[in-house]
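**Student:** Before I ask anything, here is the structure I am working with.
Just so it is clear, none of the values below were taken in a lab; they were calculated from the coordinates. Everything numeric in this text was worked out from a predicted model, so none of it was measured. A quick note on method: Cβ atoms are made from the backbone with ideal geometry, for glycine too, and the neighbour counts reach across all protein chains shown.
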Amino acid sequence: MTQQSNAITPEQALAAAKHTSRRQQKVGHVVSNKADKTIVVVVESLKKHRIYKRTYKQTKRFYAHDENNTCQVGDLVRIEESRPLSKLKRWRLVEIVKRGSGIVPVEQVVAEVDPHLQEDSAQ
């Protein structure tokens, strides 16, 4: 009888590692990138009320690690569970699915130009 080798090529090992990841992944929008190497991602999900059977939207915020500070506000990103990286960070950035439009909210621009102008308009 001939012996069959069970050698796995590196490509097969990489493909198997990608598909057998047990870590949870979520897709959401970046709402803040003000901290260094940290982004805040909002993930929306639809839930059904257990008694009334009404569908409602639930939003949850996750703090994720962005090693290269590549994300901008409005980007659609995929995050993955990881070991605790800080007090709040338990997720890391996997990929940027879609870049945001790059449009900055008016309040943010006004706050950068003149912080006192924003206070005057509120009164």
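**Student:** What FRET efficiency do you get for Gln25 and Asn69 if R0 is 22 Å and r is their Cβ-Cβ distance, rounded to the nearest 0.05?
**Tutor:** 0.55
**Student:** In this model, which of Lys26/Lys98; Lys47/Lys89; Lys47/Lys87; Lys34/Lys89; Lys37/Lys89 are farther than 19 Å apart at the alpha-carbon?
**Tutor:** Numbers: Lys26/Lys98 14 Å; Lys47/Lys89 25 Å; Lys47/Lys87 28 Å; Lys34/Lys89 14 Å; Lys37/Lys89 11 Å.
Cα-Cα > 19 Å for Lys47/Lys89; Lys47/Lys87; rest within.
**Student:** Can I ask one more? Points 7 angstrom from Cα along the Cβ direction at Val109 and Ser32: gap in nanometres?
**Tutor:** The modelled label-to-label distance comes out at 2.3 nm.
**Student:** Something else: In what sequence do Thr55, Thr38, Thr70 fall when counting other Cβ within 10 Å, fewest first? If you can, show how the numbers build up before the last one.
**Tutor:** Values: Thr55 9, Thr38 19, Thr70 13.
Listed from fewest to most nearby Cβ atoms, that is Thr55, Thr70, Thr38.
**Student:** Subtracting the Cα-Cα distance from 0.36 nm times the residue separation, let me have the gained length for Ile96 to Lys60 in nm, one decimal.
**Tutor:** Going from the current span to full extension adds 11.1 nm.
**Student:** How far is it, in nm, from the label point at Leu88 to the one at Ser45 when both lie 7 Å from their Cα along the line to the Cβ?
**Tutor:** Placing both labels 7 Å beyond Cα along the Cβ direction yields 2.0 nm.
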